[in-house]
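The values are calculated or read from the model by the stated rules, or taken from the named source; none is laboratory data. No experiment lies behind these values; they were computed from the predicted model shown. Neighbour counts are summed over all protein chains in view; Cβ atoms, including those assigned to glycine, are modelled from backbone coordinates with ideal geometry. What goes into the accessible areas is simple: the full protein's heavy atoms, side chains included, and nothing from ligands, DNA or RNA. Shrake-Rupley method; radii C 1.70, N 1.55, O 1.52, S 1.80 Å.
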Amino acid sequence: MQWIPLAAPLNVLPPNPMTMRVQSIPPQHQFSDHFHHWNQMVYAISGVLTVVAEGRSFLISPSQAAWLPTGNVHRVGSLLGAEFRSVWVRDDLGESLFSGGVAVFAVSPLLKALIIEAAGLDIKRDADGYRDRVFQLIIDQLRRADPVASALPWPISEGLTKLCQELFENPADQRGIEEWGNTLGMSGRTLARRFHAETGTSLRSWRRRLRLFRAIELLESGMGVTATAIELGYSSVSAFTYAFRTEMKGSPRTYQSGAARGHAHGAKGRVP
């Protein structure tokens, strides 16, 4: 797949203490390798982001964000498009938030609402200090966030990237590892070995996690549970519900109602 490059913003001032950027990323577009002289939180209020940093490639769902420390070279894009929110945090503040380099963490409904609210604030009309208080609440939420290991790994090689892209676009695809091996010109055993080497997991486990990622994306977009189950290729709604509950500790309907409350809470600050 050929990514279409997006231009990084030029002549931007350092965050003091925080800067919020709002941008829609079209499908198959990405910001090419670059770095900042400040920390960055990468997040999408809708859609799934692809992040490449520290030699790793992974996807984050709308329920997650990635933390990229100062000076980290990275790429950010979206396969199917996303409503991108980039939070730049002053270098000294970021030192107390996460340690150990790039991190992925869960975004609470409150943090999501605060990000949406902050994106809609006008810096020129902040005589009462409201914007600074919202920014401080975001920092407080980041201090409470715990890194998670549930980002979806993404391969680097061209052949495996093509495989994962096709499954991402059509998660109902039922082809097994031998069929995929034939498509890519290798044996199923070789494919399994290479896939595990590049992603750290088996193709079967990866597909299960992929379906969860797409489920979160579709449910948050407002798609019904039955339609989501069909879109993801589950044999029945009950099979989808069981798989979702196993990973998320709650049903798809419960998750969707919580996401809807989060959208309603943050609607005031939404930027068209």
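The distance between label points at Ile156 and Gln23 comes to 2.4 nm (points 7 Å beyond Cα on the Cα→Cβ vector). A simple spin-label model places pseudo-atoms 7 Å from Cα toward Cβ; at Arg143 and Ala227 they are separated by 4.2 nm.
Backbone amide hydrogens, once placed in the peptide plane, bring Ser46 within less than 5 Å of Glu83, excluding anything fewer than 5 places away on its chain. Solvent-accessible surface of protein heavy atoms, probed at 1.4 angstrom with all chains present, puts Val76, Val12 in the order Val12, Val76, largest first.
Taking amide hydrogens as placed 1.01 Å from N in the peptide plane, the amide H of Ser32 sits under 5 Å from those of Leu6, each at least 5 positions away in sequence or on another chain. Amide hydrogen proximity for Val107: with H placed 1.01 Å from N in the peptide plane, the residues at 5 or more positions away or on another chain lying under 5 Å are Gln64, Ala65.
3J(HN,Hα) along segment 90-99: 3, 4, 5, 5, x, 4, 8, 9, 9, 10 Hz, from the Karplus curve 6.51 cos²θ - 1.76 cosθ + 1.60 with θ = phi - 60°, whole Hz, x for Gly and Pro.
Simple spin-label estimate for Leu10 and Ser205 gives 4.6 nm between the two label positions (7 Å along the Cα-to-Cβ direction from each Cα). Among Leu49, Leu137, Leu212, the residue with the largest mean-square fluctuation in a Gaussian network model of the chain, with springs joining Cα atoms closer than 10 Å, is Leu137.
Its Cα centre serving as origin, segment 1-103 has a Cβ charge dipole (Lys and Arg +1, Asp and Glu -1) of approximately 200 debye.
Output the antiparallel fraction of DSSP beta bridges having both residues in the chain, as a percent to the nearest 5. Here the share of antiparallel DSSP bridges comes out near 95 percent.
On the basis of the beta-carbon distance and an R0 of 25 Å, Arg75 and Ser46 show a calculated FRET efficiency of 0.80. The charge dipole of the chain, taken about its Cα centre with unit charges on the Cβ of Lys, Arg, Asp and Glu (plus for the first two, minus for the last two), comes to roughly 560 debye. Sequentially through segment 67-82, phi angles give Karplus couplings (6.51, -1.76, 1.60; θ = phi - 60°) of 9, 10, x, 3, x, 6, 7, 8, 10, 9, x, 8, 5, 10, x, 7 Hz, Gly and Pro residues having no value and appearing as x. Each of Leu160, Asn72, Ala82 was placed along the dipole of segment 47-204 (beta-carbon charges, centred on the mean Cα), and the one lying farthest toward the positive end is Leu160. Residues considered: Ala119, Ala151, Ala239. Largest GNM mean-square fluctuation over the chain, using C-alpha springs under 10 Å, is found at Ala239. In order along segment 35-50, the phi-based Karplus estimate (6.51 cos²θ - 1.76 cosθ + 1.60, θ = phi - 60°) of 3J(HN,Hα) comes to 8, 10, 8, 7, 7, 9, 9, 9, 8, 10, 6, 8, x, 10, 9, 9 Hz; Gly and Pro are listed as x.
Between His34 and Ala172, what FRET efficiency follows from the Cβ-Cβ distance if R0 is 45 Å, with the result rounded to 0.05? Don't skip to the answer; put the middle values down first.
Numbers: r = 36 Å, r/R0 = 0.79.
Computed FRET efficiency for His34 and Ala172 comes out at 0.80.
Between the beta carbons of Gln2 and Asp128, assuming R0 = 41 Å, the FRET efficiency works out to 0.25 to the nearest 0.05. Each of His196, His37, His29 has its accessible area taken with a 1.4 Å probe; listed largest first, they run His37, His196, His29.
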